[in-house]
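The values are calculated or read from the model by the stated rules, or taken from the named source; none is laboratory data. Since we're looking at a predicted model, the values are computed, not measured. Accessible surface is based on the protein model in full, side chains and every heavy atom, while ligands, DNA and RNA are left aside. Shrake-Rupley method; radii C 1.70, N 1.55, O 1.52, S 1.80 Å.
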Amino acid sequence: MVEGSGRCAAVPVALDEETRGVLQRIASSAKAQVRQVLRARIVLVAADGAGNAAIARHLAVSVNTVRKWRGRFAERGLDGLKDAGRSGRPRRYDDLVRVAVVAAATSTPPGPAATWTHAAIAAQVAGTVFAPISASQVGRVLAGLDLKPHKVTGWLTRRDTPDFWDRVRDICALYRTPPKGTIVLSIDEKTAIQARERRYPSQPAAPGRATRREFEYRRHGTASIVAALDITTGQTLIETIQRNNAATFTAFLDRLDRILPRDKDIHMVLDNGSAHTARHTRAWLAAHPRWHVHWTPPHASWLNQVELVFSALTRAILRNGGFTSRNDLIEKIDAWTIRRNEHARLFRWTYQGTPLKETA
């Protein structure tokens, strides 16, 4: 194939099915480098029989660029599309120094420090190998290895719970089909709610601008509450508590026991908080046989429906609210609870308590 008068013939490009697939994936990738995508497209169009000039017009590049990558692919295949090695000064630090950097970054920092810095790693390496290294070079070594010792990802080492799914199914069945003639309560505490007052008034939202809120605030103490949600009506009883312990919790249960109909059994969903599992609480439950506890599995408090009430309270009052005192905070929580109960609706629980399975 000749591109024009006086021009050399374009290098022919032939692709097998596997190579074409690789090039097509690169050409359509949103994560591949732009230059790799361009080179893959050049080769794909060339394999379809297009000339260099036509490819250049189609991809808005120079003919020399097309000729270069077409020729390199014809000569070396996919390896020809990689960047050539660049000249430069030899590496100043050998592999021993780089290994020492990695060893330091993946170990526990010495002394009281809890997080490595580049300077601390450089000092650590200087004490283990003969060649010193700068903090900036430490940063380059770590960046090249995508190693970030300053970042932390939360992790939960959850103990094995053999009856996890049995508990989940029990609670979900209780929500979805409450036993007839019984009362079903979801109970929990929300502690250390901060009564914070912004130092300066917030500016309301405007078209194209979000609400502006001053970051400085005054602290006016904290408040803690205990709540009992009736899952069949959606109504909630919320009380302020001074301490979150077993004595306070059982005192709350005593009040519930007095105001609830005496001829009905009470099913109660609880998490594994210390106030709920204490010996004092278990003794109270043993002395009140009409109360039946359904324990959530460890680290599965989200199964407790009252958490949905706490979430609504946080969004409506706590997250963006300003409180001039602890009493102001408590009064606003009480007012929100009364208003919510006037129009309470039960939560529609859709989870069935079975392991989620990937669909085909």
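Taking the structure as given and computing mean projected area of the Cα convex hull in nm², which label from (1) 17.9; (2) 25.9; (3) 33.0 fits?
Comparing each candidate, only (3) matches the computed number.
Can you give me the angle between helix 326-342 and the longest principal axis of the chain, using Cα atoms only, in degrees from 0 to 90, rounded to the nearest 10?
Computed tilt is about 90 degrees.
List nothing, just return the count: lysine pairs in the chain, 8 or more apart or interchain, with Cα separation under 21 Å. Intermediate results must be reported in sequence, preceding the final value.
Numbers: Lys31/Lys82; Lys68/Lys82; Lys180/Lys264; Lys190/Lys332.
Eligible lysine pairs with Cα atoms under 21 Å apart amount to 4.
Please determine, in degrees from 0 to 90 and to the nearest 10, the orientation of helix 246-259 with respect to the longest principal axis defined by the Cα atoms of the chain, where the helix direction is its Cα long axis.
Between helix and principal axis, roughly 60 degrees.
Of Arg319, Arg209, which has the most accessible area and how do the rest follow, probe 1.4 Å? Display every interim value, and only then the final one.
Details: Arg319 135, Arg209 80 Å².
Highest to lowest solvent-accessible surface, that is Arg319, Arg209.
For the range 72-137 and the range 308-360, write down the distance between their C-alpha centroids in whole Å.
Rounded to whole Å, the Cα centres lie 50 Å apart.
Identify which of Ile193, Ile133, Ile225 has the largest mean-square fluctuation in a Gaussian network model of the chain, with springs joining Cα atoms closer than 10 Å.
Answer for the Gaussian network model of the chain: Ile133.
Compute the Cα gyration tensor for the range 47-179, then decide on rounded, prolate or oblate, letting a ≥ b ≥ c be the square roots of its eigenvalues: rounded whenever a/c is under 1.5, prolate when a/b is larger than b/c in the other cases, and oblate in all that remain. Please report the intermediate quantities before stating the final value.
Working: a/c = 4.02, a/b = 1.31, b/c = 3.08.
Judged from the Cα gyration tensor, the range 47-179 comes out oblate (a/c at least 1.5, b/c at or above a/b).
How would you classify the range 308-360 from its alpha-carbon gyration tensor, with a ≥ b ≥ c the square roots of the eigenvalues: rounded for a/c under 1.5, else prolate if a/b is greater than b/c, otherwise oblate?
The shape class here is prolate.
Where is the GNM fluctuation largest for the chain (alpha-carbon springs, 10 angstrom cutoff): Glu331, Glu18, Glu342?
Fluctuation is largest for Glu18.
Considering only DSSP beta bridges where both residues belong to the chain, give the percentage that are antiparallel (nearest 5). Spell out each step's value before the answer.
On the way: 20 of 30 bridges.
Here the share of antiparallel DSSP bridges comes out near 65 percent.
Taking all protein chains as present, what is the carbon and sulfur share of the accessible area of the chain, in % to the nearest whole number, probe 1.4 Å? Spell out each step's value before the answer.
Numbers: 11830 of 22760 Å².
Of the solvent-accessible surface of the chain, carbon and sulfur hold 52 percent.
Round to the nearest 10 and give me the degree value, 0 to 90, for the angle of helix 95-105's Cα axis relative to the longest principal axis of the chain.
Result, in degrees: 20.
Accessible area per residue for the chain in Å², computed with a 1.4 Å probe and the full protein assembly in place, what is it? Write down the numbers at each step before the final one.
Numbers: 22760 Å² over 360 residues.
Roughly 63 Å² per residue, with all protein chains present.
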